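What follows is one structure encoded as C-alpha cells, with my remarks underneath.
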Amino acid sequence: MTNDKSQMTNYMENQKPIVHRKDLHWWEMFYIPQIIGGMKITLTQVFRPKFTRQYPEEKWNPPPSFRGRPVLVEQNGVERCVACGLCSRVCPSLAIDVQASETELSKERYPVKFEINMLRCIFCGFCEEVCPEEAIVMSKEFELTFTHQADGIFGKDKLLIPVEKLKDRLEFLRKMR
Amino acid sequence: MVKITIDGKQYEVENNLTIIQAAKQNGIHIPHFCWHPHLSVSGNCRVCLVEVEKMPKLVIACSTQVAEGMVVNTNSERVVQARNAVLEFILINHPLDCPICDEAGECKLQDYAYKYSVGQSRFDFEKVRKPKRVELGPNVMLDTERCIMCSRCIRFCDEVAKKPQLTFTQRGDHVELTTFPGEQLDNPYSMNVIELCPVGALTSRDFRFKARVWDMSSTDTVCVGCARGCNMKMWVRNNEVLRLTPRNNPAVNDYWMCDYGRLNTFKHVNAANRIKAPMVRKDGRLVEVGWDEAIAKVGFELKNFKKNEIAALGSAYSTNEDNYLLTKLMNHLGVKRIDFVPHIRKGEQDDLLIREDKTPNSVGAREVGVRPESAEFGFASILNEIKAGNIKALYVIDDDIAADPVIADALLKLDFLVVHASNENETIKFADVVLASSTYAEKYGTFTNFQGRVQRNKPAISTLEHDRILDGMALSRLDKFGAPNDRWTTGLKRDTRASWRILNSIAAVMGAKWKYNSCEDVFNEIASTISSFKGLSFLKIGTGGAMLNKNKETVTVKS
C-alpha cells in the first residue's frame, strides 16, 4: 500500500496542465490561409461522387449479414416453428413469448401464440442462432415505429414471412454454419 | 455391516444393499435409467456399470450386492469408456426430438448425454421409425420411438399399481411398449409412469405442450384430493397452475400420487368461475363490493342474532388455521353449534394411497375445535334446527354444502348466510354475503391427514395479498426477471384472501381483542393451546410433515 501511495504522489507531481495551447505565430493569427484551405477541401468535395443517400425516398437494401427484426419462416403455408421455446429461453431481454399447442402435422406441435415485444428486442440474433428448425431468422427490416406500447408487440400476423422472401438470409446462415 | 471402498473413500454400509444403494446413501450418484429405489431390479439399461477390483468385467451397480472389502470405482477410465459406449448405443435409435418433447429439461437421457457422453454419433444410418402419438390410456401418451426400453413403467404397473397392463413386444431394435390386447393403461395410478419414464416416451396428455419445464416455478405443497395428503409439487407459469407432480415422502406417499389428485385438484384454481371480489346481496342480486364493506356488513348483521340463533360450518377442505379461527370467532360470539360436513365416499379406497374421506383435513378440523360438544350441536341437529327455524344465521367456510339438495332446501329458511367461497357454486346462490376466499394454492397453512400427520401447504399462486419475491414464494425465470409492463410475465392476480385472514377481520369488527399478522402466528397459537399440536412449529413440520402428539388417541372421522 505504501508503495502505491508514493507512486500516486509522484504521478500527481509530474502532471502537466491538461490543455496545452500551442503559441500561434502572428501569421497564423490572421486565419485567412486556413479559411482558404478549408474552402478548397469543400470545393473539391462538391465535384466528387456522393456518399449520402436520400433516405427515406431512396431505400437501402442491407446485405444478408444484416440483423433486422426477427421474423418467422413460413413454408407451405405454415410456420416452421415447433414452439420449442428455445428462442424465448435464450432471449436476453425476455422479448419472446411462445405458447405451444398440438397440430395434426408430423411436427406435432406449433405455436398457437408467438409474440415478440419489439420494444424489448435488442436485435442480438440469439433466437436465430439457437433455433433448431431454422424457423426464426433476422430479416432486413429495420424501420420500426410505434405510437403505442401495445403496437410494439408483434404477433404471428406480423411475424410470418414466406420462405421465398428470406432466401438471402437462409443462404447466408447455411454458409456461415 | 460391511466395509466397502467407493472411489477411494471407505464407507460402512448394511450388507444387504446393492452398490448403487450404498452409493446413493453416501451421496454418490451412479447414473441409471432402469433402476428405481421402489421398483424391482431389472438391470437392462447397463448405464450404471462400475469397476469392482478383482472382478474381471465391469458390473452393473444396481444388481451387484456389496461385500466385505469390496473396492468400487465409479469413474475409472474403463467405466467412463463403457458408459460412453452404452449411451452411444441408446442414442442410436433415440430421435432428436428434444425441441418437441415435453420431457426436455427434466430428461435423464438428455442430462446424461450432456454429462457422460462424447456428444457425437458415429452412426449415420436411418433411425428405426416407430409409431408416435400413441394414446396408451386416458391420461398417458406414448411416443414409441423415444422409449429406451428400461421397463420401469411395466414394473410399476405390475408391482406398485398391481395392474399388469403394459408389456414389451418384438425383439432387438423392434421392441415396442404396448398395452396387453384389449387393455388400456387406465389404472388409478397410471400417470406415475410419466415421472418414472427417464425419457419423453410417456408424457401427460393433460399437460401436453402446455409449457416448457424451465418456464415454470415449482412449489412444495400437499394434495387436497383425499385424506392421504400426498406430498406434491405445484408447477406454475404466469400465475397459473399447469401441473402437479408427486414429491417423495416415505411416510405418506413414497414417490407416487393418484391420477385423480393429479388432475382434479388444481383446475378450479385457474377456472373462469373464480369469485374475484367479495359480494353482498342487494335487491336479490349479488353485487361485488370492497372488502371493508363486506366485512362490516357481516359484523353488523351477525350482531342482530342471538347466540343460539347462529351456527357455523367449518370445512375439512380448509386449513387447520382457518378452522381454528372459525372456532375462536364462534367462541367469542358464544355460539355452540359448530361442525363440518364430511365428504366420505364409502368404498372408494384402496391399499396404496386413495382414501374414502375425500377431504384433506377432517382430522385437523376436529382437532382444532370444529366439532360439536355433543350430538345435539352436531351437523344433523344444525340442519334440523335450520328447518325448524330456530337457527337463523349460518356461517360457512370453503365448502359447497348446497351441492347436497337436502341441505340446499334447508338453506332457504335462513335469514342470513355468510359463505367463504373461492368459486361460484351452489351455496353462494343462497348467500347474503360471499367472501372471496383463496384456494389452497394461494395460501399458507397446515393440513392434518388421516394418519395425524400435520403437513404444510404453501402458496404457489399469488393473489393481491402476496408479493412473490418479498413473501419468499417460488419464482420462475419470468417471475424473477420479467417487468411489470410485460403482459406475459404478470398473470392474473385475484383479490381473494385466505379464510383465516377474513375471519381475523370479521373478529376485529365484532369486537374481539385478537389479531394475527401471519398464518404462522395462528399456527403458533394452535401449538400452544391445543395439546395434540404441542411442540409443533412451521419449522418443525418442514417439507416432510410432523405427527400430532401420540398421547391423545387418534381421532377417527365419523361418517
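Readers should treat all values here as calculations from the given coordinates under stated rules, not as data from a laboratory. Given the structure is predicted, the values throughout are model-derived calculations rather than measurements. Every residue, glycine among them, receives a Cβ derived from its backbone with ideal geometry; neighbour counts consider all protein chains shown.
How large is ³J(HN,Hα), in whole Hz, for each residue of the range B:263-272 in order, when computed from phi with the Karplus curve 6.51 cos²θ - 1.76 cosθ + 1.60 and θ = phi - 60°, using x for Gly and Pro?
Values per residue, Gly and Pro as x: 9, 10, 9, 10, 4, 5, 5, 8, 4, 6 Hz.
Taking every pair of alpha-carbon atoms in the protein assembly as shown, what share in percent sits in each 10 Å bin, from 0 to the bin with the longest distance?
Result, from short to long distances: 2, 11, 17, 18, 17, 14, 9, 5, 3, 2, 1, 0 percent.
Do you know the relative contact order of the range B:307-436, to the nearest whole percent, from alpha carbon pairs under 8 angstrom that are 6+ apart?
Details: 240 pairs, mean separation 33.3, N = 130.
Computed over the range B:307-436, the figure is 26 percent.
Once every DSSP H run of n ≥ 4 in the protein assembly as shown is given -39500 (n - 2.57) and the sum is divided by its residues, what mean residue ellipticity at 222 nm do you get, rounded to the nearest 500 deg cm²/dmol?
Working: 23 runs with 187 residues, N = 736.
After summing the helix terms and dividing by the residues of the protein assembly as shown, the value is -7000 deg cm²/dmol.
Starting from the Cα-Cα distance between B:Lys429 and B:Met547, subtract it from 0.36 nm times their residue separation and give me the gain in nm to one decimal. Intermediate results must be reported in sequence, preceding the final value.
Numbers: separation 118, 0.36 × 118 = 42.48 nm, distance 3.90 nm.
Result for the pair: 38.6 nm of gain on full extension.
Only bridges whose two residues both fall in the range B:279-547 count here: according to DSSP, what percent of them are antiparallel, nearest 5?
The antiparallel proportion sits near 45 percent.
Using the structure shown, list the pairs from B:Lys307/B:Lys513; B:Lys336/B:Lys534; B:Lys307/B:Lys534; B:Lys328/B:Lys443; A:Lys107/A:Lys158; A:Lys113/B:Lys443 with a Cα-Cα distance above 28 Å, or answer none.
From B:Lys307/B:Lys513; B:Lys336/B:Lys534; B:Lys307/B:Lys534; B:Lys328/B:Lys443; A:Lys107/A:Lys158; A:Lys113/B:Lys443, over 28 Å: B:Lys307/B:Lys534; A:Lys113/B:Lys443.
Which order do B:His29, B:His466, B:His38 fall in if you start with the one that has the fewest other Cβ atoms within 10 Å?
Lowest to highest Cβ neighbour count: B:His29, B:His38, B:His466.
What nm distance separates the two modelled labels at A:Phe142 and A:Phe47, each placed 7 Å from Cα along Cα→Cβ?
Computed distance between label sites A:Phe142 and A:Phe47 equals 3.4 nm.
With Rg and the Kirkwood Rh both taken from Cα atoms, where does Rg over Rh land for the range B:394-439?
We get a ratio of 0.92 for the range B:394-439.
For B:His268 and B:Leu539, calculate 0.36 nm times their separation in residues minus their Cα-Cα distance, and state this gained length in nm to one decimal. If you can, show how the numbers build up before the last one.
Numbers: separation 271, 0.36 × 271 = 97.56 nm, distance 2.95 nm.
Value of the extension gain: 94.6 nm.
What is the antiparallel percent of DSSP beta bridges lying wholly in the protein assembly as shown, to the nearest 5?
That works out to approximately 75 percent antiparallel.
Go through B:Leu202, B:Phe156, B:Ile30 and say which Cα lies farthest out towards the positive end of the charge dipole of the protein assembly as shown; charges sit on Cβ, +1 for Lys and Arg, -1 for Asp and Glu.
Going by the charge dipole, the pick is B:Ile30.
Going by how many other beta carbons lie within 10 Å of each one, how would you line up B:Tyr317, B:Tyr189, fewest first?
With the sparsest Cβ surroundings first, the list reads B:Tyr189, B:Tyr317.
Relative to the longest principal axis of chain A, what angle (0 to 90°, nearest 10) does the C-alpha long axis of helix A:167-176 take?
It works out to around 70 degrees.
From Cα pairs below 8 angstrom and at least 6 apart in sequence, can you work out the relative contact order of chain B, rounded to a whole percent?
Relative contact order comes out at 11 percent.
Please determine, in degrees from 0 to 90 and to the nearest 10, the orientation of helix A:2-14 with respect to the longest principal axis defined by the Cα atoms of chain A, where the helix direction is its Cα long axis.
That works out to roughly 60 degrees.
Take every Cα pair under 8 Å in chain A that's 6+ residues apart, average their separations, divide by the length, and report that relative contact order as a whole percent.
Normalised by residue count, the contact order of chain A is 24 percent.
Binning every alpha carbon pair distance of chain B at 20 Å from zero, what are the percents per bin?
All Cα pairs considered, the percentages come to 19, 45, 27, 8, 0.
Mind jotting down the three principal axis lengths of the range B:274-324 based on Cα atoms? Whole angstrom, largest first.
The principal-axis extents, from largest down, are 32, 31, 19 Å.
Rank by packing, highest mean first: peptides B:106-115, B:438-447, B:387-396, with packing defined as the count of other Cβ atoms within 10 Å averaged across residues.
B:438-447, B:387-396, B:106-115
Going by how many other Cβ atoms sit within 10 Å of their own, how do B:Arg78, B:Arg122 line up, fewest first?
The order, fewest Cβ neighbours first, is B:Arg122, B:Arg78.
Using a Förster radius of 22 Å, what is the FRET efficiency between A:Asn76 and A:Glu133 based on their Cβ-Cβ separation? Nearest 0.05, please. Provide the component values of the computation, followed by the final result.
On the way: r = 14 Å, r/R0 = 0.62.
For R0 = 22 Å, the calculated efficiency reads 0.95.
With both bridge residues required to lie in chain B, what share of the DSSP beta bridges run antiparallel, to the nearest 5%?
70 percent
What translational diffusion coefficient, in µm²/s and rounded to a whole number, does the Stokes-Einstein relation yield for the range B:98-270 at 20 °C and a viscosity of 1.002 mPa s, taking the hydrodynamic radius as the Kirkwood radius over Cα pairs? Could you put the intermediate results ahead of the total?
On the way: Rh = 17.2 Å.
D = 125 µm²/s.
Would you give the gap between the C-alpha center of the range B:344-376 and the C-alpha center of the range B:185-221, rounded to a whole Å?
29 Å
Given B:Lys3/B:Lys458; B:Lys163/B:Lys358; A:Lys167/B:Lys108; A:Lys175/B:Lys108, which pairs have Cα atoms separated by over 31 Å? Intermediate results must be reported in sequence, preceding the final value.
Values: B:Lys3/B:Lys458 42 Å; B:Lys163/B:Lys358 23 Å; A:Lys167/B:Lys108 38 Å; A:Lys175/B:Lys108 34 Å.
In this structure, B:Lys3/B:Lys458; A:Lys167/B:Lys108; A:Lys175/B:Lys108 exceed 31 Å between Cα atoms.
Taking A:Lys40 as the anchor, which lysines have their alpha carbon closer than 28 Å to its alpha carbon, excluding any fewer than eight residues away along the same chain?
By straight Cα distance, A:Lys40 reaches A:Lys22, A:Lys50.
May I ask you to compute the full-extension gain from B:Glu376 to B:Glu77, defined as 0.36 nm times their residue separation minus their alpha-carbon distance, rounded to one decimal in nm?
Contour length minus the Cα-Cα distance gives 99.9 nm.
Can you give the average number of partner chain beta-carbon atoms within 10 Å of each beta-carbon in peptide A:113-124, as a whole number?
Other-chain Cβ atoms within 10 Å of each residue's Cβ, averaged: 1.
In terms of Cα to Cα distance under 13 Å, which aspartates and glutamates are near enough to A:Lys165, apart from those fewer than 8 places away along the same chain?
Counting by Cα, and skipping residues close in sequence, A:Lys165 has these aspartates and glutamates nearby: A:Glu74, A:Glu141.
From Cα coordinates alone, what are the radius of gyration and Dmax values for the range B:2-91 in angstrom?
12.3, 37
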